[in-house]
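The values are calculated or read from the model by the stated rules, or taken from the named source; none is laboratory data. Just so it is clear, the structure is predicted and the values come from calculations on it, not from any experiment. Cβ placement follows ideal geometry from the backbone for every residue including glycine, while neighbour counts extend to all protein chains displayed. These area figures cover heavy atoms from the full protein model, side chains too; ligands, DNA and RNA do not enter into them. Shrake-Rupley method; radii C 1.70, N 1.55, O 1.52, S 1.80 Å.
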Amino acid sequence: AIVGLFLGLPSAGTAQEAGAVFVMTNDAVANEIVVFDRGEDGRLTQGSAVATGGRGTGGEIDPLQSQGSLILSEDGAWLFAVNAGSREVSQFAVDGTQIELVAIIPSRGTRPTSLAVFGDLLYVLNAGGRPNVQGFRLTDGGTIRKINGSKRFLVSDAAADGRAAGPVQVGFTPDGSQLVVTDRITDEIHLFPIATDGRAAESSTRWPSFGEGPFGFDFDPLGRLLVSEVWGRNPAGTVLEGAVSSYAILADGALENLSPSVENFEAATCWLISDGRKSAFATNTTSGSVSRYRVRPNGRLKLRGGGHRFGGSPDAFPTDMAITPDGEFLYTLNAGRGTIGMFRVRKSGKLVFLGEAGSLPALSGLQGIAAQ
């Protein structure tokens, strides 16, 4: 079912190739992946649901507190999903809008919440218990093998004084030389150098986030790190608090802040994604909006416009986002309504709203979205 109005539709002759969008239900009893057919105009049609063979956590809005719980391999041939409730990762073979469950592997930790791929490497972030990252390798035949000796624990100053950690996302730098982990509780960004055998360094270099609550991240075309901040530089608990900052990862592995926290005057800025050109987008969950940032040549950020709001109330609760590989279409997982927000991304970075699609269970713990 398609709900909502279709506004500002693109003119004829600008259609792109068709594809698919995948959404994870994170159901606590039987986790599933819901497949959406993506038309050439970017609009979605909901299709079948395929079981992951594992359990999610359930909940209402953002129960995993993570970005990257559902990801595609670089070539789009494989789809990987976390089963946070059963400590597993599911692997699907992808053929257009058809997916087939081919393997379920232990995550080697508690509460897997985020995944990262680079070439034949797969890393999983286990956020529960004693948080860690665990490495795997994808063989030529598609089998996932654990990389022995690759489990690395996230050590922080918080652990030393008994405070909890809150790791959010794991991801590779564009060249695969570093593994990045954000922690929204300790306000740290971890960098693990990756050896030629695929193993992360035994310990990370921990860098303080410029703002409070570093959450989701992505990279611009020049490899600069863009990080959303739940609270930015404002005291936690204020109404208008979300922000985004940017960093350069230097040759020696150091992290250099390029753009201080740029506030968007919205609340709960959590997920962030780049269009692979000059723009980045962040969802502001409790404000029910999407903000757009321009990445300047020097890496500094500028807020562009007021962003998009889903109607007159914040009940959409947009969380995860996905963008097509060509950067032409952006999709938000609206966990409060059980819908997918659909946008065309112009070359300028401006978003053209195409409406909402889907009839997923609202306020049910939906988490994870991937597009191709």
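A few notes on this one:
- Region 286-312, subset open to solvent by less than 10 Å² (accessible area, probe 1.4 Å) and under 23 Å from ALA357 (Cβ atoms), residue farthest from the chain's Cα centre (by Cα): PHE310
- Test: residue in region 74-88 that is among the charged types (D, E, K, R), open to solvent by less than 30 Å² (accessible area, probe 1.4 Å) and in contact with a Ser or Thr (Cβ under 6 Å, 6 or more places away or on another chain): no
- Within region 322-337, considering residues that are assigned to a loop (DSSP other than H, G, I, E, B) and under 22 Å from GLU17 (Cβ atoms), the one most open to solvent (accessible area, probe 1.4 Å): PRO325
- Among strands (runs of 3 or more DSSP E) entirely within region 239-279, having at least 3 residues that are crowded, with 24+ Cβ neighbours inside 10 Å, free of Cβ contacts under 8 Å to residues at least 40 places away in the same chain and of a type in the set (S, T, N, Q) singles out no element at all.
- THR319 meets each of the listed conditions (1) in a strand (DSSP E or B); (2) out of contact with any Cys (no Cβ under 9 Å at 6 or more places or on another chain) apart from (2).
Rundown of residues vs (1) part of a loop (DSSP other than H, G, I, E, B); (2) in contact with a Phe, Trp or Tyr (Cβ under 6 Å, 6 or more places away or on another chain); (3) touching a residue at least 60 places away in the same chain (Cβ under 8 Å), yes/no style:
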residue	(1), (2), (3)
VAL50	no, no, no
GLY53	yes, no, no
GLY58	yes, no, yes
ASP62	yes, no, yes
GLN67	yes, yes, yes
GLU74	yes, no, no
LEU79	no, yes, yes
VAL82	no, no, yes
GLY85	yes, no, no
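Residues are listed down the side, and each one gets a yes or a no for (1) of a type in the set (Phe, Trp, Tyr); (2) over 20 Å from ALA316 (Cα atoms); (3) modelled with pLDDT of 95 or more:
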{"position": "VAL3", "(1), (2), (3)": "no, no, no"}
{"position": "LEU9", "(1), (2), (3)": "no, yes, no"}
{"position": "GLY13", "(1), (2), (3)": "no, yes, no"}
{"position": "LEU44", "(1), (2), (3)": "no, no, yes"}
{"position": "SER48", "(1), (2), (3)": "no, yes, yes"}
{"position": "GLY54", "(1), (2), (3)": "no, yes, yes"}
{"position": "GLU88", "(1), (2), (3)": "no, yes, yes"}
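- Within region 338-368, being under 18 Å from GLY58 (Cβ atoms), touching a strand residue (DSSP E or B) at 6+ places or on another chain (Cβ under 7 Å) and either crowded, with 24+ Cβ neighbours inside 10 Å or of a type outside the set (A, V, I, L, M) (or both) holds for LEU366, GLN367, GLY368.
- With respect to the conditions (1) more than 19 Å from GLN169 (Cβ to Cβ); (2) among the hydrophobic types (A, V, I, L, M, F, W, C); (3) without any contact (Cβ under 8 Å) to a residue 40 or more places away in the chain, TRP231 falls short on a single one, namely (1).
The rows are residues; the columns are (1) within 27 Å of GLY327 (Cα to Cα); (2) out of contact with any Lys or Arg (no Cβ under 6 Å at 6 or more places or on another chain); (3) buried (at least 21 other Cβ atoms within 10 Å of the Cβ).
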{"position": "ARG184", "(1), (2), (3)": "no, yes, yes"}
{"position": "GLU188", "(1), (2), (3)": "no, no, yes"}
{"position": "ALA195", "(1), (2), (3)": "no, yes, no"}
{"position": "ALA200", "(1), (2), (3)": "no, no, yes"}
{"position": "ARG206", "(1), (2), (3)": "no, yes, no"}
{"position": "PHE217", "(1), (2), (3)": "yes, yes, yes"}
{"position": "LEU222", "(1), (2), (3)": "yes, yes, no"}
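- Note on region 15-42: residues that are more than 21 Å from the chain's Cα centre (by Cα) and either basic (Lys, Arg) or modelled with pLDDT under 95 (or both) total 4.
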